[in-house]
Each structure stands twice: as structure tokens, then as C-alpha cells.
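The values are calculated or read from the model by the stated rules, or taken from the named source; none is laboratory data. None of these values were measured; they are calculated from a predicted model. We place every Cβ from the backbone using ideal geometry, glycine too, and count neighbours over all the protein chains shown. Please note that ligands, DNA and RNA were not included when accessible areas were found on the heavy atoms of the full protein model with its side chains. Shrake-Rupley method; radii C 1.70, N 1.55, O 1.52, S 1.80 Å.
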Amino acid sequence: MFTSLSDRLTLTFRNLKRKGSLSESDVNATVRDIRLALLDADVALPVVKQFTGAIRERALGTEVSRALNPAQQVVKIVNEELVGILGGDTRRLNLAKNPPTVIMLAGLQGSGKTTLAGKLGHWLAEQGHTPLLVAADLQRPNAVNQLQIVGERAGLKVFAPERGNVFGHDAALESGEGTRSFGDPVDVAIDGVAEAKARGHDIVIIDTAGRLAVDVDLMRQASDIRLETQADEVLFVIDAMIGQAAVDTAKAFAEGVGITGTVLTKLDGDARGGAALSVATVTGKPIMFASTGEGTTEFELFHPDRMASRILDMGDVLTLIEQAEKAFDAAQTREISRKFMAEEDFTFGDFLEQMAAIKRMGSLKQMLGMMPGMAQMRQQLDSLDEREFDRVEAMVRSMTPAERDHPKIINGSRRARIARGSGVSVSEVNQLLERFGQAQKMMRQMRKTGGMPGMPGMPGGGVGPGKGKGKQAPRKKSKSGNPAKRAAEEKAAAQRQHAARENAMGSAFGGAAGAEEQDLSQLELPQGFEKYLSPGSRQK
């Protein structure tokens, strides 16, 4: 969603970091680049003016002039202001003191309210609540049926006393049958709250009707449902891909219905994402949730600070950790730890369990995109084929239990059988076994050294193959006694050192010399992460 905006802001800050001190003209140029990036992302003009004005005022003040690193201070200011326009602090649902809590969903037709009702209900059920979905959208054809299907997939109860518009408006007029399927949405909503009280549901989610455009009837109906049910939360569901139109729609619902928060849908799309950066400022109401995909579980609480970090390519490690905690079973994790400490080999069975847990976390591309500095590797991420993991899983599942636990018994005939069973070539099976054997060796080395073998700066990294306890490091090659030969060797060594320095300078800012490798010192890493980097990779 924010790929284009993130790339342009990252480029702006990369140019800024080359300067040791900042003049007023440097600040003005940076603010201009930020303004153009936001306008290109379809952010509302009033929001752009407010945002860039605040950045310029702070960047020209003593806050930056007295900083040891002015460029980093400007990045910090932009991050704080970006968090501000996204809503500031994380806003959670206000639950009623006397259940049930009534949550009403409002928005235009096609914004994803019905699907979101199922996602929100599933998310609340995971928190220990017992939500009830109420089908109060009786206008859109088959909206009631859709909510029933969504509720069944999410494992939720659905209250649907009316069939709604089953045939469509035109067919109803022609046949005369469709008119009998309509009902009063306000009465359905009131009856839904009463049903929740009788059945012991502590949360009611009301799916209301939308229109193709804002109109008086839509606002009156939504306002009546809110008043009659005494809704605790009115969530405005908005499509994050509609751009500038989001501003007028959000204003109309805020004034006509009285919303308490906003939910963004279709954040996994490739649109510019201006709605997400505009709606909180325009309505004065926070963004509370975000839908990041079509699956029932692809739904998350909206954290403005984490979203700002993603946009500025500083990663979202906290969300990644939370997803991992949900996906990885505690018992399996303890078993892997026990095997590691007991010096037992990692098997293909363990590999399958870990792969299943990673799949439960969601898209691998999205997970890698949450890592700091991954914008510099966007092309590699885009070219990542996640189907490769399905092929690997097929190969592992084509093995017998004995072969998974003892890969060394897999001879030529077994490899041919595995290849036929998984629909791959024998060479692919050979590559998998070779990579797996290398991973086992690496884990054995980690147990011996207490860290990653052969990786400077990592715990245990100073000890690599051939450099363990009781083994001498290889001696340096002695200089030749021939003066002419020695001079030639020294000249070649000097040229190699010069080439290495040139390559490091080129790679620091993504230059031609460093197009293939990125300098870790340019990444926006979490505080305290520097201790894991080798001394040579830090920027002096």
C-alpha cells in the first residue's frame, strides 16, 4: 500500500544523511520532497500543509541545530509528526460496563463491511468474547446470506430474522416476490441486541446497509440504528484505495452519523494509501483497526507508531513478534530448545512443524517487509516465490517417518521415489538434502561456540571452522626474500585494500560499486542492535 511513499521518503532521507550540517535551504528542499511524496500518495492537501508546516517549523528550530546528528533528528521529527496524523496513541474498543457492547459498522457499499464484521468478530472471540453478528443490511442483494456464510467461516453466531433483498430490486418489482423479503433494519438491530442479552453474548456487531454514494436516506437509517440501539462504538469502514474521495465521505459520516473510530480495509492493495494518512486528521477520530488481506485472520489492531515505522522503512518488529507468539506453539518451542541443548539433531519432522507455524503467521513477503531496511531489497522480495515452500513441503511429506528422522539413509533409489511422489526432479531432492545437512552442521557449531559460526560481531562469531579450542589459527604467509617479488606483492595488497575501500564507499548509499550489497550501517535498526554488528560495519 505505501510502497511508493516509503521509497520516496527513504531516498529523501538518504540524501539528507550525506550532509554533516543542515542549512535552511537543505531543510526547505527536504520539506519540498516530502510534500511532493505525500501529494503523489493522494494525501489530502490540508493534511499535507499541516504536516509539512510542522516539520519545517521544528526542523529550523533549536531542536535540530543543537543535535549531534541533524539528519537523524529530522528523521525523528518526521516520524513523530507521521504518528500524529495517523492518530497518535493506539485506540482500543470501549466496552460497556453492562453487556452487551454494541458495535455498529457504517460505510459506503463495497467498502467491505460484511467481511469485516466476520473478521472483527473472530478477533474478539480470540480475546475471549462471545460476539453476535446482526444482519441489518436488508437493502443489498444477498447481503444477509453473505453475512451468514462469513459468520459460519469465522465460527460465529448470526442473528438474521429477515431474508433481506434476495432477488435484487428490479427482479423484486417484476415478480412481486422480492418485496416480501424486505424488513425494517432498525427493528432487526433492536431485536439483535435483545437476542444477545437473552443468549448471553457480550458483544453485538451490527452490519448496516451501504449506498453507492452518500445520501440522506443512508444517513437517517444509520443514525436511527445508532440511537435506538445506543451503540457504544460506531466504526466507519473505509476502503483505503479510494484516495481523495475518502476525505469527503469521512466528513459526511462524521457529521451525519457521529462515528467514534475508523477501520481501514484493503491495506494489502497496491493503491497509494492517501486515505490512511488523511482520514484521522480530517475526522478527528482515530483509526482503530486495519484489514490486511482476504483471510479471516488477516485483521489487526491499528498502531500509528508501528505504521509510521513501516512507512519510513524502520520496520515493525513488535508486530512480527506478536504474530510469532500466536503462531508458534509453546510446547513445540520448548521441545526444539530441549533438542538444541541436548545436542540432538534437527530433523525434517521438526522442519515441517516450523514451516506450518510460519505459514500460520501469514505471507512470508509481508513478514520480511516488517524487517528494518527491507525497502532496499524490495526487488528481491517481489521476486520471492512462496510456492517454493510448498514444493519443499511436498518433498518432505513424500519421505517416510524413518527418512525424516534419519536423512542419511536416503540413498539413490529413495531419492528417486521422493522425487516421483512430490512431482520434482531428483536434483531438487539432492539440493534439499544438501541444504538441510548444512543447516544441521551450523546448529552443531552453534552449540559448540555459543553463537553463529564464522560471523564476526555475533555471539561466538569469532570462532569459525578450523579456529576452535585447541586449534591454531593459520599463520600469515611470510614475505618473499626476493626484493622485486616482495615489492610486487606489496603493490597488489595495496590495490586490493584500495578497491575494498572504494567498494565500501559506493555501497554506503547504494552506489554502483555497492549495488549488490547493502551497508548495514545505513539501516534504521532498533535501539541497542548495534552490539550485534561487526565493528567494521558501523559508520564512523
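Numbers below:
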item	result
Within the range 66-107: backbone nitrogen closer than 20 Å to the Arg32 label point (7 Å, Cα to C-beta)	71, 74-75, 78
Under the Karplus curve 6.51 cos²θ - 1.76 cosθ + 1.60, θ = phi - 60°, whole-Hz ³J(HN,Hα) for the range 410-415, x wherever Gly or Pro sits	7, 8, x, 5, 5, 5
Spin-label model distance (nm) - Ala487 vs His406, 7 Å beyond Cα toward Cβ	6.6
Rg to Rh quotient for the range 1-115, alpha carbon positions, Kirkwood Rh	1.13
Label-point separation, Ala245 to Ala394 (7 Å along Cα→Cβ), nm	4.1
For Gly261, distant residues with modelled amide H under 5 Å away	Val234, Phe236
Hydrodynamic radius by Kirkwood, which averages 1/r over all alpha carbon pairs of the range 66-141, in angstrom	16.4
Using a Förster distance of 30 Å, the FRET efficiency for Asn430-Ala331 (Cβ separation, nearest 0.05)	0.35
Above-threshold pairs, the threshold being 31 Å between Cα atoms, out of Lys76/Lys266; Lys251/Lys359; Lys49/Lys119; Lys17/Lys491; Lys113/Lys359; Lys97/Lys119	Lys251/Lys359; Lys49/Lys119; Lys17/Lys491
Val204 long-range amide H proximity, modeled H, under 5 Å	Thr101, Val102, Ile103, Leu132
Residues Glu386 and Gln230, FRET efficiency given R0 of 56 Å [Cβ-Cβ distance, rounded to 0.05]	0.75
Theoretical FRET efficiency, 1/(1+(r/R0)^6), r = Cβ-Cβ of Ser223 and Ala125, R0 22 Å, to 0.05	0.15
Contour minus Cα-Cα distance for Ser363 and Lys19 (0.36 nm per residue)	120.0 nm
Cut-off under 5 Å, modelled amide H: who pairs with Phe159 long-range	Leu133, Val134, Ala135
Full-stretch length increase - Ala416, Ala439 - with 0.36 nm per residue and alpha-carbon distance subtracted	6.0 nm
Rounded to the nearest 10 Å², the accessible area of Phe302 at probe 1.4 Å	10
Integer Hz, Karplus 6.51/-1.76/1.60 couplings in order for the range 113-125, x for Gly and Pro	5, 5, 5, 5, 4, x, 5, 5, x, 5, 4, 5, 5
Ranked packing of 421-431, 37-47, most packed first, by mean Cβ within 10 Å	37-47, 421-431
By accessible area with a 1.4 Å probe, ligands and nucleic acids excluded, highest first: order of Arg420, Arg415	Arg420, Arg415
Mean Cβ neighbour count within 10 Å, used as a protection proxy, ranking 436-442, 145-151 highest first	145-151, 436-442
Per-residue ³J(HN,Hα) for the range 44-53, Karplus 6.51 cos²θ - 1.76 cosθ + 1.60, θ = phi - 60°, Hz, x for Gly and Pro	4, 4, x, 5, 4, 4, 5, 5, 5, x
Distance between modelled label sites at Val216 and Glu57, nm, 7 Å Cα→Cβ extension	4.1
